[in-house]
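J.: Here it is: the structure, laid out below.
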Amino acid sequence: MPRFVSLIKASSARPFLTGSRFYSSPASATLKERLVQLIPEKQAEIKQIKAEHGSKPLGTVTVDMVYGGMRGIKGLIWEGSVLDPEEGIRFRGLSIPECQAKLPAAEGGSEPLPESLFWLLVTGEVPTPEQVRVLSKDWASRSAIPKFVEDLIDSLPKTLHPMSQFSIAVTALQHDSKFAQAYQKGMPKTQYWDYTFEDSMDVIAKLPSVAGRIYQNVFKNGKVPNINPDADYGHNLAHVLGFSENKDFVELMRLYLTIHTDHEGGNVSAHTTHLVGSALSDPYLSLAAGLNGLAGPLHGLANQEVLRWTLKLRDAVGVNASDETIKDYIWSTLKSGQVVPGFGHAVLRKTDPRYSCQREFALKHLPSDPMFQLVSKLYNIVPGILTEHGKTKNPWPNVDAHSGVLLQHYGLVEQDFYTVLFGVSRAIGVLSQLIWDRALGMPLERPKSLSTQDILKIVKK
Ligand code: CMX
């Protein structure tokens with residue numbers, strides 16, 4: 001009997017796999033069917049790695065690392081993406097330009113569909129256009145949110161930050177967690193990944209409905225357009241925000257949602273989701289925790305801070321200001337003890353390729369936008385000043401330095417909403433890993449902490 005047939009038969013006791021159809025090749029498999037094949041292979045690979053190499057060191061931990069936010073400590077497994085300080089992110093080995101070239105796009109579009117990146121992150125494989133189409137439909141079919149969550153969002157004060165509203169709504173969606181319900185009924189560990197997969201698919205699918213509702217409530221007339229069951233995820237997100245008539249904005253959403261998904265495992269939103277998930281908190285609770293981390297100004301909230309700071313700069317010095325005047329403004333930010341938002345990174349040491357591809361998008365679609373031209377000027381000026389300032393290890397721009405200027409060009413000018421868009425995308429990355437966390441039986445995360453007294457005792461020995 002071929003291996004995949006026995007796997008599907010073996011898995012048929014699982015409640016969400018009973019409807020799995022027979023398939024003859026991976027190209028016609030659904031995402032879940034493909035996972036049924038891949039999981040035992042990966043489990044066996046890791047078992048072997050642990051047996052053969054389990055006692056080998058991966059590096060040393062210094063006192064500076066412990067006091068320095070654990071930079072550089074190799075202590076996490078993250079399958080979907082790896083970040084090279086010089087080159088930037090690779091999703092399952094593919095750079096952003098390679099993803100743009102290889103991942104299926106929408107009909108008539110050229111940017112990769114975020115559904116295809118989810119497939120890539122989960123399986124390590126480039127999906128066929130048909131597989132992506134099925135996934136788009138699946139997400140659209142799961143997109144409705146319960147009435148009580150709609151009412152809850154509607155009841156929140158407009159003055160509550162959209163990211164707080166987003167996190168509250170995701171936590172409330174936990175009401176319908178299949179993982180939590182199955183755990184209460186006493187599911188065996190072998191089924192953890194299956195329910196994590198179903199919850200992850202559900203919550204990702206519902207995020208545009210949640211984000212659209214928050215946006216329309218806080219900034220517009222409160223009327224939320226319906227999700228189109230035949231449209232892709234990026235198109236539907238643009239639609240609920242009220243921008244789907246503009247084809248370029250829809251393409252921007254697809255690109256935006258693709259590039260913000262994943263940035264290996266140690267960043268605050270990814271690590272938090274993974275950490276909270278390790279307590280077997282379900283995907284809703286784990287994601288909500290990660291979103292709360294994303295809402296910090298040194299992380300995802302930097303995207304709102306960048307546009308706010310750039311607009312203040314424009315208002316203070318004008319769009320045609322000389323380089324010298326702009327330099328003075330940047331120095332005044334630094335001298336007042338603030339960071340220049342959108343520049344620097346904990347791992348990267350070169351321009352973020354997520355910045356570069358957004359710049360390419362702007363050069364193609366909005367080359368003469370005055371704010372884009374100002375952002376381009378900042379690209380030429382800020383790194384030199386940060387280098388002269390002498391503190392930051394990386395003076396180059398990160399992803400957040402560019403996203404706001406693209407959104408405002410199309411009329412999405414409400415900066416406080418920008419991190420919600422980042423959050424919709426980040427869910428795709430962190431939940432693809434959470435599925436693997438449960439498939440691989442990742443244990444409760446519990447590193448050792450030390451007091452300063454303990455450190456002194458150790459180093460003085
Ligand atoms: N402007 C001014 N100072 C900066 C700076 C910037 N853009 N970037 C770093 N520094 C400073 C740090 O605040 C730190 O100062 P202290 O020694 O006084 O604490 C010093 O330079 C060394 O920092 P680092 O090791 O280079 O950077 P970290 O790994 O500590 O921090 C980051 C990384 C991103 C938080 C930091 O570069 C920063 O604050 N940038 C601006 C905010 C931002 O754009 N965040 C978004 C990052 C991408 C994302 O997650 O979305």
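J.: Sort Phe372, Phe243 from largest to smallest accessible area, using a 1.4 Å probe on the heavy atoms of the protein chains.
T.: Phe243, Phe372
J.: While we're here: Assuming a viscosity of 1.567 mPa s and a temperature of 4 °C, what translational diffusion coefficient in µm² per second does Stokes-Einstein assign to region 113-260, Rh being the Kirkwood radius over Cα pairs?
T.: Estimated diffusion coefficient is 79 µm²/s.
J.: Determine, from the Cβ-Cβ distance of Lys147 and Thr30 and an R0 of 22 Å, the FRET efficiency 1/(1 + (r/R0)^6), rounded to the nearest 0.05.
T.: 0.15
J.: Can you compute the modelled spin-label distance between Arg314 and Asp84, with each label point 7 Å from Cα toward Cβ, in nm?
T.: So the two model labels end up 3.6 nm from each other.
J.: Sort Val66, Val132 by accessible area with a 1.4 Å probe, largest first.
T.: Numbers: Val66 70, Val132 5 Å².
Descending order: Val66, Val132.
J.: From the phi of every residue in region 364-372, what ³J(HN,Hα) in whole Hz does the Karplus formula 6.51 cos²θ - 1.76 cosθ + 1.60 yield, where θ is phi - 60° and glycine or proline is x?
T.: 7, 9, 9, x, 9, 4, x, 5, 5
J.: Follow-up. Can you send over the carbon and sulfur percentage of the accessible area for region 262-339, probe radius 1.4 Å, protein chains only?
T.: For region 262-339, the apolar C and S fraction of the accessible surface comes to 54 percent.
J.: For Ser81, what residues show an amide H to amide H distance below 5 Å, using hydrogens built from the backbone and excluding near sequence neighbours?
T.: Arg92, Glu264
J.: Let me ask something additional. At 222 nm, what helix-only mean residue ellipticity would the chain give, in deg cm²/dmol to the nearest 500, using -39500 (n - 2.57) for each DSSP H run of four or more?
T.: The helix-only estimate for the chain comes to -18500 deg cm²/dmol at 222 nm.
J.: With an 8 Å Cα cut-off and a minimum separation of 6 or more residues, compute the relative contact order for the chain in percent.
T.: 20 percent
J.: Using a Cα-Cα cut-off of under 21 Å, which lysines could be cross-linked to Lys56, ignoring same-chain neighbours fewer than 8 residues away?
T.: Reachable lysines: Lys42, Lys47, Lys74, Lys448.
J.: Considering only protein heavy atoms and a probe of 1.4 Å, how much of the accessible area of region 377-461 is carbon and sulfur, as a whole percent?
T.: The value for region 377-461 is 55 percent carbon and sulfur by accessible area.
J.: Tell me, what is the FRET efficiency for Lys461 and Val413 to the nearest 0.05, using R0 = 56 angstrom and their Cβ-Cβ distance as r?
T.: Taking R0 as 56 Å, the efficiency between Lys461 and Val413 is 0.45.
J.: Turning to a different aspect of this structure: Taking amide hydrogens as modeled 1.01 Å from N in the peptide plane, which residues meet the under 5 Å criterion relative to Phe343, leaving out close sequence neighbours?
T.: Excluding prolines and chain starts, which carry no amide H, the hits are Asn398.
J.: Here is a follow-up. Residue-wise, which Karplus ³J(HN,Hα) couplings in Hz belong to region 171-188, taking 6.51 cos²θ - 1.76 cosθ + 1.60, θ = phi - 60°, and x for glycine or proline?
T.: Values per residue, Gly and Pro as x: 4, 5, 4, 4, 3, 9, 5, 6, 5, 4, 5, 5, 4, 4, 7, x, 5, x Hz.
J.: Glu41 versus Glu245, label points 7 Å from Cα toward the beta carbon: distance in nm?
T.: Simple spin-label model gives 4.8 nm for this pair.
J.: Still on this model: When the solvent-accessible surface of protein heavy atoms is calculated with a 1.4 angstrom probe, in what order do Asp315, Asp176 fall, highest first?
T.: Putting Asp315, Asp176 in descending order of accessible area: Asp315, Asp176.
J.: How large, in Å, is region 187-274 by the Kirkwood hydrodynamic radius built from its alpha-carbon pairs?
T.: Values: mean 1/r = 0.0672 Å⁻¹.
Result for region 187-274, one decimal place: 14.9 Å.
J.: For region 162-256, what % of the accessible area comes from carbon and sulfur atoms, probe 1.4 Å?
T.: Solvent-exposed carbon and sulfur of region 162-256 make up 48 percent of the total.
J.: Of the options Gln131, Gly75, Tyr256, report the single residue whose Cα projects farthest towards the positive end of the charge dipole of the chain (beta-carbon charges: Lys, Arg +1; Asp, Glu -1).
T.: Looking along the dipole axis, the top candidate is Gly75.
J.: Something else about it: Roughly how much of Leu406 is accessible, in Å² to the nearest 10, using a 1.4 Å probe?
T.: 0 Å²
J.: Whole angstrom only: what separates the Cα centroid of region 39-75 from the Cα centroid of region 384-461?
T.: 20 Å
J.: Could you pull out the chymotrypsin sites (Phe, Trp or Tyr not before Pro) across region 17-110 that fall in loop regions by DSSP (anything but H, G, I, E, B) with no more than 16 other Cβ atoms inside 10 Å?
T.: Here the sparse-neighbourhood loop sites are Phe22, Tyr23.
J.: Tell me, what is the per residue accessible area of region 341-434 in Å², probe radius 1.4 Å?
T.: About 32 Å² of surface per residue is accessible.
J.: Heads up, I need the accessible area for Leu275: 1.4 angstrom probe, whole protein in place, Å², nearest 10.
T.: 70 Å²
J.: Give the accessible surface of region 169-319 per residue, rounded to a whole number of Å², with probe radius 1.4 Å and ligands, DNA and RNA excluded.
T.: 35 Å²
J.: Among Met201, Gln181, Ile227, which residue has its Cα furthest toward the positive end of the charge dipole of region 172-259, with +1 on Lys/Arg Cβ and -1 on Asp/Glu Cβ?
T.: Projecting each Cα onto the dipole axis, the largest value belongs to Gln181.
J.: Calculated FRET efficiency, Arg71 and Tyr183, Cβ-Cβ r, R0 35 Å, to nearest 0.05?
T.: Details: r = 35 Å, r/R0 = 1.00.
Once the sixth-power term is evaluated, E becomes 0.50.
J.: With θ set to phi - 60° and the Karplus curve 6.51 cos²θ - 1.76 cosθ + 1.60, what are the ³J(HN,Hα) couplings of region 431-445 in order, to the nearest whole Hz, using x for Gly and Pro?
T.: Taking θ as phi minus 60°, the curve returns 7, 5, 6, 4, 4, 5, 3, 6, 5, 8, x, 4, x, 3, 7 Hz for region 431-445.
J.: Can you quote the Å³ per residue value for the convex hull of the Cα atoms in region 308-461, rounded to an integer?
T.: 188 Å³
J.: Moving on. Just to confirm, what accessible area per residue do you get for region 37-86 at 1.4 Å probe, in whole Å²?
T.: Here the per-residue accessible area is 75 Å².
J.: Based on the alpha-carbon gyration tensor of the chain and its eigenvalue square roots a ≥ b ≥ c, which shape applies: rounded if a/c is under 1.5, prolate if not and a/b is larger than b/c, or oblate?
T.: oblate
J.: Turning to a different aspect of this structure: Loop only by DSSP, 13 or fewer other Cβ within 10 Å of the Cβ. Give me the trypsin sites (Lys or Arg not before Pro) in region 76-178 that pass, ordered by residue number.
T.: Of the trypsin sites (Lys or Arg not before Pro), the ones in loops of region 76-178 whose Cβ has at most 13 other Cβ atoms within 10 Å are Lys158.
J.: What pairs in Lys50/Lys461; Lys391/Lys460; Lys32/Lys206; Lys185/Lys206; Lys220/Lys247 have C-alpha atoms more than 28 Å from each other?
T.: Lys50/Lys461; Lys391/Lys460, as the Cα separations exceed 28 Å there.
The values are calculated or read from the model by the stated rules, or taken from the named source; none is laboratory data. It should be emphasised that the depicted structure is a prediction, and the values quoted were computed from it without experimental measurement. Because the Cβ atoms are built from the backbone with ideal geometry, glycine has one as well, and the counts that use them run over all protein chains shown. Keep in mind that these areas ignore ligands, DNA and RNA; they rest on the heavy atoms of the full protein, side chains included. Shrake-Rupley method; radii C 1.70, N 1.55, O 1.52, S 1.80 Å.
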